[in-house]
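What follows is a single structure, written as structure tokens, with notes after it.
The values are calculated or read from the model by the stated rules, or taken from the named source; none is laboratory data. This is a predicted model, so every value here is computed, not measured. Every residue, glycine among them, receives a Cβ derived from its backbone with ideal geometry; neighbour counts consider all protein chains shown.
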Amino acid sequence: MANVAESKRRPSEPLGRQDQTLLIFARLMEGGKEDDETVRDLGELTRLLNDDPEFTKKGELSITTVIDSDCVDTILCYLDMRQPDVVRGHATLCTSAYLKASGDDGSKKLAAFFHERVRRGTYDDYIVAFCVAATIFPIVPDLTSELFLSEGFLSSLGSLMRRKWKSRKVETACLEMLNAACMNTACREAVQKYCVEWLEEIVDQDPEDVVKTMHAIDPDMHLQEGSISMRRHSLQVQNLAAVVLAKLRVVQSVAPTPKSGPEPRIQPATTSIEDLSKRFTKMLLEEDPDYVKSSIEGLAYASLQGKVKEELARDKNFLKRLVKTLDDAPPRSPLIYGTLSIFANLTKYMPFETEEERRIRQLKSYANASGKLQPDPLNDNDRVAERCKLVYEAGVTPVLVKQSRSGSVASLGIIVSIISSLSMSPSLRGHLAQQGVVRLLIAVWTALPEAEDKSRRAAAQALARILISTNPALVFGGTRSTPQSTAIRPLTSILTPDPSADRRDLLPTFEALMALTNLASTDDDTRRAIIRTAWDEIEEQLFNTNSRVATAAVELVCNLVQNPEETIALFGDGTCKSENRIKVIVALADAEDPKTRSAAGGALASLTGHDVVVKGVAKLPRGPEIVLDMCRDDSEDMRHRGAVVVRNMLAAEGEAGKLAKKKLLEKGAVEALTECAKKSRVEAVVQTVVQAAELLASG
């Protein structure tokens, strides 16, 4: 590395970027520094590297030209597991910035560092090489995979891990590298091929057997704990090996490799995913802080299996401990993400399938694996609903609310998925609302960036489900509560089906309409806010070919038109748009679906309280005829709505009332009202018919 002292410059002249870089490396190479000094230097170097691409675009020389192999060695050695966590964290950021700024040259220096350390083969070299590989896997996965899959590397790890004298740090670093590598398909397959046998040996090791064997060989030897620990794998190493095995087992069970030829008659004993799950559960229940991380990471994978889900969900002690782990986890930590992943796995519903989709999947499964790849019955809706209830009863909701306040985008997405699953059970919705979930969902929907559309839509749909089943006055009541108008925008966002989805799913649309209908039943301010925010989307759903969605849209309109000012603005301003809206509502009152007819009849009952709407209905060629058909309907409720509409039309003032009376008489109003009265058994309906008949008979 060039000597900074050799550079010729005046003392008052500011240092250039390259000189600043060399000075930082000089300090980092000195050693014996306090951690905060090291962190400061690494942070300054990271800043210089992050800014480097902008300066090179302006024609300046890149600072990476003065970063030689010794400098790279210095940065990478700070990734050593024996360094403090805060130093390793800043070294990771610095390494990432260097690899981005240096391009191919940096990749070559990194590869040379790794191969040289592995070639030396000392414990210290192995530790550093493995730690570097584990750290940079997420940063440069392609490069790290290439290093990891180098010829002879993986096959040599078995002899290293089987050495008579153990080094816990070497083994820990090696296993953390394998753990990171399992995220890559090719690397995972290589680990399965070369490492699974000795991973099994580590997990299955019985410490007592090791001691007995040593004593049998030399009965007079003095057994000291230090020497014994050097002859066996530590519990921490065993736990890490179990996590790696869990990742291998889960992938095998989800996508089993096709076998060619007959299977051997005697299969070697293997540690099942259920066995590993029990191990991780025991580790967590023992409440040893040294093993919580491995336990959570292992269970995050093991809990993908239906049998494991059932066992975990029905273990009350485990669930309570898991809730406490989530409650105590530091904000934005890997522990939070892992714990949330377990809860998400326990509560996850399988995607909805149509009959056609189910039939196609079954045909594919029979063609690909002789029908063996069928859905796990432990993941059917009834089982998942029961697990959701058990998870809720363990007290997870208040902790989810707490952790959402400082959650990362990733953790907020998982929190939403958990709450979405819990909200599928109508019996839990009121309790979720009481525990602050409505405020959580609105806040998360607002906080998540638009790029996280899937999580935002899930949050909005969960909000819709809860608001369908609860009284808005109770959910949003109180002086410090969230205004109910804040729920309108999230609900509006799912009125239109997801354009990126493979299948047009109308359930979110339907649930959002139902929730908005519930909100619209409260007060005029809310109705105005809904119309202002969502009217275009609501009006579009009136034309939906799905009768349930169209009905829900009409029911919402029925509640919205309880506000006279908004009713006139939408249906009575004399424009073509308002006339068309009247035409649509009248047409829906003649729909084939009885629920749609009923909802439209209710809307007409409200709308015809305004003379301008009465005139609009009377002017329609089939308007009066459809209204009188409502009076003849076989449904008591529908006849009641029809009688109210006829009475309202006949009671209208001025020209509107005269036109309505004329058109109704022409279409047989007397006969229709007579038939309505004869069919009806409810006093309120008969009274309304009598009122309408009196208006019809009056001058």
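Could we say that Leu620 is buried (at least 19 other Cβ atoms within 10 Å of the Cβ), in contact with a Lys or Arg (Cβ under 9 Å, 6 or more places away or on another chain) and of a type in the set (A, V, I, L, M, F, W, C) here?
no
Just checking, which of Leu673, Leu628 is more than 28 Å from Leu556 (Cβ to Cβ) and of a type outside the set (Gly, Ala, Ser)?
After ruling out the rest, the residue left standing is Leu673.
Got a sec? Which of Glu565, Glu592 is among the charged types (D, E, K, R), over 21 Å from Ala520 (Cβ atoms) and without any contact (Cβ under 8 Å) to a residue 60 or more places away in the chain?
Within the list Glu565, Glu592, the selection yields Glu592.
Grab the helices (runs of 4 or more DSSP H) fully contained in region 102-175, keeping just those with 2 or more residues being hydrophobic (A, V, I, L, M, F, W, C) and at pLDDT below 90.
In region 102-175, the matching helices (runs of 4 or more DSSP H) lie at 153-161.
Is region 37-56 home to any residue that is surrounded by fewer than 16 Cβ atoms within 10 Å (Cβ to Cβ) and in a loop (DSSP other than H, G, I, E, B)?
Taking every residue of region 37-56 in turn, none turns out to be surrounded by fewer than 16 Cβ atoms within 10 Å (Cβ to Cβ) and in a loop (DSSP other than H, G, I, E, B).
Filter region 491-506 down to residues that are aliphatic (A, V, I, L, M) and either in contact with a helix residue (DSSP H, G or I) (Cβ under 7 Å, 6 or more places away or on another chain) or under 26 Å from Val561 (Cβ atoms) (or both) and give me whichever is modelled with the lowest pLDDT. Before the answer, list the steps.
Looking only at region 491-506, we keep the residues that are aliphatic (A, V, I, L, M), and these are 491, 494-495, 501, 506.
After this cut, where a residue has to be either in contact with a helix residue (DSSP H, G or I) (Cβ under 7 Å, 6 or more places away or on another chain) or under 26 Å from Val561 (Cβ atoms) (or both) as well, the list is 491, 494-495, 506.
Numbers: Leu491: 97, Ile494: 96, Leu495: 95, Leu506: 92.
Checked region 491-506; the qualifying residue modelled with the lowest pLDDT is Leu506.
Kindly list the number of the only condition in (1) buried (at least 17 other Cβ atoms within 10 Å of the Cβ); (2) closer than 20 Å to Thr674 by Cβ that fails for Ala605.
It is condition (2) that Ala605 fails.
Considering only region 547-589, give the helices (runs of 4 or more DSSP H) lying wholly within it that have at least 2 residues that are out of contact with any helix residue (DSSP H, G or I) (no Cβ under 7 Å at 6 or more places or on another chain).
Filter on region 547-589 gives 564-571, 576-588.
Residue pairs, Cβ under 6 Å, 6 or more apart or interchain, first in region 488-503 and free of Cβ contacts under 8 Å to residues at least 40 places away in the same chain, second surrounded by fewer than 17 Cβ atoms within 10 Å (Cβ to Cβ) and not in a helix (DSSP H, G or I). List them.
Going by the 6 Å Cβ cut-off, the qualifying pairs are Pro497/Arg504.
Regarding region 445-461, can at least one residue be identified that is farther than 23 Å from Ala591 by Cβ, part of a loop (DSSP other than H, G, I, E, B) and touching a residue at least 60 places away in the same chain (Cβ under 8 Å)?
No, region 445-461 contains no residue that is farther than 23 Å from Ala591 by Cβ, part of a loop (DSSP other than H, G, I, E, B) and touching a residue at least 60 places away in the same chain (Cβ under 8 Å).
So which residues in region 520-562 are over 30 Å from the mean Cα position of the chain (by Cα), of a type in the set (S, T, N, Q) and surrounded by fewer than 21 Cβ atoms within 10 Å (Cβ to Cβ), if there are any at all?
Once the filter is applied, which keeps residues that are over 30 Å from the mean Cα position of the chain (by Cα), of a type in the set (S, T, N, Q) and surrounded by fewer than 21 Cβ atoms within 10 Å (Cβ to Cβ), region 520-562 yields Ser521, Thr522, Thr545, Ser547, Gln562.
With respect to the numbered conditions (1) more than 28 Å from Val251 (Cα to Cα); (2) assigned to a helix (DSSP H, G or I); (3) modelled with pLDDT under 95, which one is the sole condition not fulfilled by Pro398?
With respect to (1) more than 28 Å from Val251 (Cα to Cα); (2) assigned to a helix (DSSP H, G or I); (3) modelled with pLDDT under 95, Pro398 is out only on (3).
Please go through (1) in contact (Cβ under 8 Å) with a residue 60 or more places away in the chain; (2) under 38 Å from the mean Cα position of the chain (by Cα) for Ser150 and return the number of the only condition it doesn't satisfy.
Ser150 satisfies every listed condition except (1).
Test Glu592 against the criterion of being over 25 Å from Val686 (Cβ atoms) and part of a loop (DSSP other than H, G, I, E, B), and give yes or no.
yes
What residue, of Lys109, Lys100, is surrounded by 14 or more Cβ atoms within 10 Å (Cβ to Cβ), closer than 22 Å to Asn184 by Cα and either of a type in the set (Lys, Arg) or in contact (Cβ under 8 Å) with a residue 60 or more places away in the chain (or both)?
Lys100
Scan Ala433, Ala447, Ala394, Ala451 and give me the residue that is of a type in the set (A, V, I, L, M) and within 21 Å of Ile468 (Cα to Cα). Quick ask: steps written out before the conclusion?
Working: Ala447 fails: within 21 Å of Ile468 (Cα to Cα); Ala394 fails: within 21 Å of Ile468 (Cα to Cα); Ala451 fails: within 21 Å of Ile468 (Cα to Cα).
Within the list Ala433, Ala447, Ala394, Ala451, the selection yields Ala433.
Given the criterion crowded, with 22+ Cβ neighbours inside 10 Å and within 21 Å of Pro330 (Cα to Cα), identify the matching residue among Val391, Val401, Val416.
Selected residue: Val416, the only one of Val391, Val401, Val416 that is crowded, with 22+ Cβ neighbours inside 10 Å and within 21 Å of Pro330 (Cα to Cα).
For Asp637, state whether it is assigned to a helix (DSSP H, G or I) and among the acidic types (Asp, Glu).
It is true that Asp637 is assigned to a helix (DSSP H, G or I) and among the acidic types (Asp, Glu).
Being assigned to a loop (DSSP other than H, G, I, E, B) and either of a type in the set (Val, Ile, Thr) or crowded, with 16+ Cβ neighbours inside 10 Å (or both) is the filter here; which residues of region 57-75 pass it?
Answer for region 57-75, where residues must be assigned to a loop (DSSP other than H, G, I, E, B) and either of a type in the set (Val, Ile, Thr) or crowded, with 16+ Cβ neighbours inside 10 Å (or both): Ser62, Ile67.
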